[in-house]
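Student: Let me give you the structure first, and then I'll get to my questions.
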């Protein structure tokens, strides 16, 4: 089984930069591609800051940080990824955008290159079918924040060859991650179970079951979760959850995946959560305070 030594990452946002960081830290030459220098500058700074924190906490020697940074390069040209052993896509959950990139890379990359998507809700088959290498296409679903979260869902679709799946599993483990095998259903394992829970929490708030704080505290203290569902929604991004729920509802046509009206209204109002400053909580306050959602 050929060892994966050079990694390409499509996207330098939160997930893409995290994936690039763990690949470079694990010893892989890593090429990150995004559409603009401004986006990449932000991602590059985020990686440097994250690695510095690992050094400060004594979890990474300074020499290893410097070596990881030296293994990273940043490009805007897709063709710079053509000689990678694996290319991991972490762009917006837009199937057309993803498939345009895959088609371009499919024509550029050699036969041994594995294509992998970090999608959290789209099916791998929907992307693999856009290429001539459906047997060399997998899902590698990392979790945020990638450098800290141990799980990777390795997704095998109906066309993925056993050899490709084995290489992808070995690669995920080489990054120091715990790899679990998942079938190619929308949401895989984690989101299949998590998204209905998060949407039910919104419905509970919408229906006046309890307040924002009491719903969160009930699930933290009653179930031992590290954060409540509404806090988690703000962390993930309410716009992101809305998009994922829409994709999963289209796939399954089950009401438990349908975004509640409150979530839709919040997204329309720009209440995305932490990244916009307000969601279910207002993050201008310390500690954050619940937002009056007019319920």
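Laboratory data are not the source of any read-out in this text; all were calculated from the coordinates shown. The shown structure was predicted, so the numbers you read here are calculated from the model rather than taken from an experiment. Cβ: placed from backbone, ideal geometry, glycine included. Neighbour counts: every protein chain shown.
Student: Based on the alpha-carbon gyration tensor of region 113-176 and its eigenvalue square roots a ≥ b ≥ c, which shape applies: rounded if a/c is under 1.5, prolate if not and a/b is larger than b/c, or oblate?
Tutor: In terms of gyration-tensor shape, oblate.
Student: Something else now. Springs between alpha-carbon atoms under 10 Å, Gaussian network over the chain: tell me which of 133, 65, 265 tops the mean-square fluctuations.
Tutor: For the chain, modelled as a Gaussian network with Cα springs under 10 Å, the answer is 265.
Student: Fewest to most neighbouring Cβ within 10 Å: what's the order for 22, 158?
Tutor: Ordered from fewest to most neighbouring Cβ atoms within 10 Å, 22, 158 come out as 158, 22.
Student: Also, quick follow-up: How much FRET efficiency would the formula 1/(1 + (r/R0)^6) give for residue 293 and residue 42, where r is the Cβ-Cβ distance and R0 is 25 Å, rounded to 0.05? Walk me through the numbers on the way to the answer.
Tutor: Working: r = 30 Å, r/R0 = 1.21.
It comes to 0.25.
Student: Would you kindly calculate the mean projected area, averaged across all directions, of the convex hull enclosing the Cα atoms of region 175-225, in square nanometres?
Tutor: About 5.2 nm², averaged over all directions.
Student: May I ask you to list the residues of region 22-49 whose amide nitrogen lies under 17 Å from a point 7 Å from Cα along the Cα→beta-carbon direction of residue 62?
Tutor: 48-49
Student: Related question: Going by how many other Cβ atoms sit within 10 Å of their own, how do 207, 141 line up, fewest first? Don't jump to the answer; show the numbers that get you there.
Tutor: Numbers: 207 11, 141 27.
The order, fewest Cβ neighbours first, is 207, 141.
Student: Which residue, 38, 134, 125, has the most motion in a Gaussian network model of the chain that connects Cα atoms within less than 10 Å?
Tutor: 38
Student: If you don't mind, another one. Name the most mobile residue of 105, 192, 97, meaning the one with the largest mean-square fluctuation, in a Gaussian network model of the chain with Cα contacts below 10 Å.
Tutor: Between 105, 192, 97, it is 97 that shows the largest mean-square fluctuation.
Student: So what is the relative contact order for the chain, in percent, with contacts set as C-alpha pairs under 8 Å and at least six apart? Don't skip to the end; give the middle numbers.
Tutor: Working: 511 pairs, mean separation 38.1, N = 295.
Over the chain, the number comes to 13 percent.
Student: Related question: Report the paramagnetic label zone for residue 206: residues of region 255-295 whose backbone N is under 17 Å from a point 7 Å from Cα along the Cα-to-Cβ axis.
Tutor: Taking a point 7 Å out along Cα→Cβ of residue 206, the residues of region 255-295 whose backbone N falls under 17 Å are 255-272, 280, 293-295.
Student: If you don't mind, another one. Spin-label point model (7 Å from Cα, Cβ direction): what's the residue 73 to residue 144 distance in nm?
Tutor: Inter-label distance under the simple model: 2.9 nm.
Student: Kindly state, as a whole number, the per residue volume in cubic angstrom of the convex hull around the alpha carbon atoms of region 178-277.
Tutor: 115
Student: Okay, moving on. At 222 nm, what value in deg cm²/dmol follows for the chain if DSSP H runs of at least 4 each add -39500 (n - 2.57) and the sum is divided by all its residues, to the nearest 500? Please report the intermediate quantities before stating the final value.
Tutor: Numbers: 11 runs with 132 residues, N = 295.
Taking each H run of at least 4 residues, the total per residue is -14000 deg cm²/dmol.
Student: Further question on the same structure: Using Cβ contacts closer than 10 Å as the measure, can you line up 59, 82 from fewest to most?
Tutor: Ordered by Cβ neighbours within 10 Å, fewest first: 59, 82.
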